[in-house]
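The values are calculated or read from the model by the stated rules, or taken from the named source; none is laboratory data. Only a predicted model underlies this, so the values are computations on that prediction, with no experimental measurement involved. Neighbour counts are summed over all protein chains in view; Cβ atoms, including those assigned to glycine, are modelled from backbone coordinates with ideal geometry. Heads up: the accessible areas ignore ligands, DNA and RNA and are worked out on the full protein's heavy atoms, side chains in. Shrake-Rupley method; radii C 1.70, N 1.55, O 1.52, S 1.80 Å.
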Amino acid sequence: MPQSLAVRPSPAAGLTQVHDIVEQLTTRESTGEVLTALRHLPAREAQWAPMPAWVRPELIAAYRAKGVEQLYTHQAAAAEAIRAGRNVVVVTPTASGKTICYNLPVLNAVLEDPDTRALYLFPTKALAQDQLAELNDLAERLGDRFGVFTYDGDTPSDARKAIREQGHIVLTNPDMLHTGILPHHTRWTRLFENLRYVVLDELHTYRGVFGSHLCNVLRRLGRIARFYGSRPQFICSSATIANPGELASRLLEAEVDVLDSSGAPAAEKFFIFYNPPVVNRNLGIRRSYINESLRVAQEFLKRNLQTIVFANSRLHTEVLLTYLHRVNPQPPGQPETIRGYRGGYLPGERREIERGLREGRIRGVVSTNALELGIDIGTLDAAVMAGYPGTIASTWQRAGRAGRRSGSSCAVLVASSAPLDQFIVKHPDYFFGRSPEHAFIQPDNLEILVNHLKCAAFELPLSAEEKFGAVSLGQLCERLAEAGFLHRAGDHWHWTQEAYPADTISLRSVTSDNFVIIDITDQPEVIGEVDFPSALTAVHPKAIYLHQGEQYHVERLDFDERKAYVKRVDVDYFTDAIRYTQVRVLEIGEETHLAAPANRAHGDVLVRSQVVGFKKIKFFTNENVGAGQLELPENEMHTTAYWITLERPLVESLPFTISERQNGMFGLLYALESVATLLLMCDRRDLGTAIGERPPSPAMETGREEAQEFSHTPGYAAAEQKELFEPNLYLYDAYPGGIGLSEPLYRVHGMLVRKTRELILGCPCEKGCPSCVGPAGENGERAKEAALAILERLEE
């Protein structure tokens, strides 16, 4: 009997075991403080529709051979809308068969007219590989009457010409479209002349900076398609967000039909909110949510239920994996049945893990948000989330990875002590009764727009009368000409540089550079990669790099060659980098003087950050067992920020010592960030924080990510602080150029201050805790009191 069948429990057994675990957790925690919510989502029957009459018989036969006799109602509705020539966005839950919505009409069109071409865009290579397998299977059943290929950075150069000529459907990602297809459109004449469909999968991922870039990439795609005489139709699919139609319309700059009624069946699901028990009520300290996530996941794994554990960072992914390996040791020579999955693993390793999950050989996986998207990993029984993912939409996406269409499944959200996590688990009705977040983009952000104008000019000359989206190009082109990028000839602006601009513009991060990680324990071997910003915190010299639960000591970081050299070690700690952040105001957009001696403002800022050291954290106990200093290069970012200035009379009116005032400010900023995340319905990682002195001249203002360390910043004598210290409390957009979060915060300043005070007052701790102003042990015993005193004055 195949191993995959031998280890997989029957659906009936899985159903009973899920019920048993839910019952066990419920009876064990009867106070209601730990299990704050238990929701039962009943099974839902499928709603069917017949295959449309216009579908070709051979395509019907191919789907029938795959077991698809008829369509779900949303699949039929999407196929009809696409057939009618309308732009469409399909918004249905995970595993509802969204791919048939676009594959059916696209393949039908290709079979009707072999010149038809389609471009499929996926946010990740893994999703494109997933879809390639599905389309190859259909091509085989149809006698290879159409060509389907992936075109990404891994595509061999000798295969690229054949893809350009023979590919009826080209599967790629926005990054490759941006750097590898649009700048070389003359080689893709056949595709652009016959381009009829563009498919955007996982639309909800295109928000913020990535979505703003994609909108500009699509503007460039539209220019080139029109140049070749085609006007493609757009088909989008999305997980549930509050504004799919608005997001699609902004991305495509065209009208879009929204289809959001799912006809797919769903199995029953239990959704549990688990709040780790309090171990010290005065300090508000709870059990470690990482350790509690381990305990909950182990309940499922020991019953042989296939389980996915989501962590919110690469570090926590590897720490949880290390813990699970230690409590589930494998016999010598046996492959691990619990694996990690995150960005930075090599493509072959990720494909092997996906395959192991589908076949049932891998019983557990610990992942970052890399598996949140619709990669086919088969039917899982349980999803455990170590910490709130930051948005309602992401939480439902992660929960949806367990329990596809039959059987019973369970999703458990284990809350951390962070204020946002605590709010969600203590107000389950807010989560279950609220629509998911809105997704916003700012395609006309000047930094992003100008970069893509350079790319557009390289691809085709820009006309003086032309518009790029809604933006008139005259003045911008003149500025670019003054800077030496463009030259005007008649009514057109031409690119003048030798280099092609798309190569230096990353759609997702500050820089497109990656570091390769090389294991030099024995023969040198590449084991992973990491992007430039993450390299400074993950593979700095003396760091412990974690990969598949194994520890590697970083021997050397070579900046010139972009390589990190590591050796395998066996230690009982991991490292956590300490980052120092500096903020300088470049230009004030708006400023308002408040009734209290304070100001609120928003505008452009320069953020400099540098990794200055690291801490050694012991596994399981989280003890700090050592530290080290580092000298690494600075990162610079021009972005936007909202800030509150506390003027000297307000600061001096606080009945606290200088260090207590500072601790109160850091505690206040900690709480402000949490409330701002909730008000903006954005991810916590979208915002950065810093505190600095309001400068009498254009001086630099400084702050640390770790609040308690600010008081040790050199250069501030106590007397000088008392006389001059007028702090600015910054909340800045954590992306180059900003993504439009700062001005809305400025507008809702009053509500932000009021809700922050309610959060701190409502916390039952005495002296501050991770759920309000941060741990009392780090921020000082009077941080909560001082933060409330500042808020009272701001509300006056």
> Over segment 62-121, one equal point on each Cα, no solvent: what is log10 I(q)/I(0) by the Debye formula at q = 0.28 Å⁻¹?
Replying inline: -1.36
> Expressed as a whole percentage, what fraction of the accessible surface of the chain belongs to carbon and sulfur atoms when a 1.4 Å probe is rolled over the protein heavy atoms?
Replying inline: 49
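Compute the semi-axes of the equivalent ellipsoid of segment 567-608, taking the square root of 5 times each eigenvalue of the Cα gyration tensor, and list them largest first in whole Å. Intermediate results must be reported in sequence, preceding the final value.
Values: eigenvalues 361, 40, 8 Å².
That gives 43, 14, 6 Å for the three semi-axes.
DSSP loop GluC sites (Glu not before Pro) in segment 209-257 with at most 14 other Cβ atoms within 10 Å of their Cβ, which ones? Mind showing how you got there, number by number?
Working: sites: E246, E253, E255; in loops: E253, E255.
In loop regions of segment 209-257 (DSSP not H, G, I, E or B), the sparsely surrounded GluC sites (Glu not before Pro) are E253, E255.
With N denoting the number of residues in segment 189-275, provide Rg(C-alpha) divided by 2.2 N^0.38 Å, to two decimal places.
1.40
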>> Whole angstrom only: what separates the Cα centroid of segment 540-614 from the Cα centroid of segment 279-332?
In response: 26
> In a solvent-free Debye calculation with one equal scatterer on each Cα, what is log10 I(q)/I(0) for segment 229-377 at q = 0.15, 0.16, 0.21 Å⁻¹, listed in the order of the q values?
Replying inline: -0.96, -1.03, -1.32
> Once the dipole of the chain is set up with Lys and Arg at +1 and Asp and Glu at -1 on Cβ about the Cα centre, which of P156, I588, H74 lies farthest towards its positive end?
Replying inline: H74
>> Ignoring everything except DSSP H segments at least 4 long, calculate the 222 nm mean residue ellipticity for the chain; use -39,500 (n - 2.57) per segment, divide by total residues, nearest 500.
In response: -10500 deg cm²/dmol
> Of all the Cα-Cα pairs you can form in segment 93-238, what percent are over 21 Å apart?
Replying inline: 39
> Per residue, how many Å² of accessible area does the chain show with a 1.4 Å probe?
Replying inline: 40
>> Semi-axes of the equivalent ellipsoid for segment 598-664, please: Cα gyration tensor eigenvalues, times 5, square-rooted, ordered largest first, whole Å.
In response: 32, 23, 11
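Return the loop-located chymotrypsin sites (Phe, Trp or Tyr not before Pro) in segment 46-97 (DSSP other than H, G, I, E, B) with at most 15 other Cβ atoms within 10 Å of their own Cβ; answer none if there are none.
The qualifying sites are W54.
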>> Once you order the gyration tensor axes a ≥ b ≥ c over the Cα atoms, which shape class does segment 621-702 get: rounded for a/c under 1.5, otherwise prolate or oblate by comparing a/b with b/c?
In response: rounded
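Take the Cα pairs of segment 173-232, get the Kirkwood Rh, then feed it into Stokes-Einstein at 10 °C and 1.306 mPa s and tell me D in µm²/s. Present the calculation step by step, with values, prior to reporting the outcome.
On the way: Rh = 12.0 Å.
Translational D for this selection: 132 µm²/s.
Kirkwood Rh over Cα pairs of segment 414-483 into Stokes-Einstein at 10 °C, 1.306 mPa s: D in µm²/s? Spell out each step's value before the answer.
Numbers: Rh = 15.9 Å.
It diffuses with D of about 100 µm²/s by this estimate.
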> Given H placed on each backbone N at 1.01 Å, which residues far from N622 in sequence or on other chains put an amide H within less than 5 Å of it?
Replying inline: none
> Can you tell me the Rg and the Dmax, both Å, for the Cα atoms in segment 502-651?
Replying inline: 20.1, 67
> Can you tell which of P244, N728, P744 lies farthest toward the positive end of the dipole of the chain, using +1 and -1 charges on the Cβ of basic and acidic side chains (Lys, Arg; Asp, Glu)?
Replying inline: P244
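Which value, in debye to the nearest 20, gives the size of the charge dipole of segment 177-252 about its Cα centre, when Lys and Arg are +1 and Asp and Glu are -1 at the Cβ? Mind dumping the intermediate values first?
Numbers: 10 positive and 4 negative charges, 74 e Å.
Dipole of segment 177-252, to the nearest 20 debye: 360 debye.
Evaluate E = 1/(1 + (r/R0)^6) for R187 and Q70, where r is the Cβ-Cβ distance and R0 equals 56 Å; express this FRET efficiency to the nearest 0.05. Can you show the working numbers first?
Numbers: r = 42 Å, r/R0 = 0.75.
Given R0 = 56 Å and the Cβ-Cβ separation, E is 0.85.
GluC sites (Glu not before Pro), restricted to segment 68-119: which are DSSP loop and have at most 12 other Cβ atoms within 10 Å?
Details: sites: E69, E80, E112; in loops: E69.
Counting only loop positions with at most 12 other Cβ atoms within 10 Å, the GluC sites (Glu not before Pro) in segment 68-119 are E69.
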> So how many Å³ per residue does the convex hull of the Cα atoms of segment 456-587 work out to?
Replying inline: 182
> Over segment 232-313, what lengths in whole Å, largest first, do the semi-axes of the equivalent ellipsoid take, defined as the square roots of 5 times the eigenvalues of the alpha-carbon gyration tensor?
Replying inline: 40, 20, 12
>> Through the Karplus equation 6.51 cos²θ - 1.76 cosθ + 1.60, θ set to phi - 60°, convert the phi angles of segment 71-86 into ³J(HN,Hα) values in whole Hz; use x for Gly and Pro.
In response: 10, 6, 4, 6, 5, 5, 5, 5, 4, 5, 5, 5, 4, 7, x, 8
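With viscosity set to 1.002 mPa s and temperature to 20 °C, compute the Stokes-Einstein D of segment 142-211, Rh being the Kirkwood radius across alpha carbon pairs; µm²/s, no decimals.
Numbers: Rh = 13.4 Å.
This corresponds to a translational diffusion coefficient of 160 µm²/s.
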> In terms of Cα to Cα distance under 14 Å, which aspartates and glutamates are near enough to K161, apart from those fewer than 8 places away along the same chain?
Replying inline: D152
>> What percent of all Cα-Cα pairs in the chain falls into each 10 Å bin, going from 0 up to the bin containing the maximum distance?
In response: 2, 12, 21, 25, 22, 12, 4, 1, 0
> Mean shadow of segment 362-490, computed from the convex hull of its alpha carbons, in nm²?
Replying inline: 13.2
>> Just to confirm my numbers, what's the Cα centroid distance between segment 196-259 and segment 735-796 in Å?
In response: 38
>> Under 5 Å between amide hydrogens, which residues at least 5 positions from S408 or on another chain qualify, with H placed 1.01 Å from N in the peptide plane?
In response: L15
>> Need the list of lysines near K784 for cross-linking: C-alpha distance under 25 angstrom, and skip anything on the same chain fewer than eight residues off.
In response: K426, K722, K755, K767
> Setting aside same-chain residues fewer than 8 positions from K616, which lysines have a Cα under 24 Å from its Cα?
Replying inline: K542, K563, K567
>> I need the fraction of alpha carbon pairs in segment 585-633 separated by more than 14 Å, rounded to a whole percent.
In response: 71
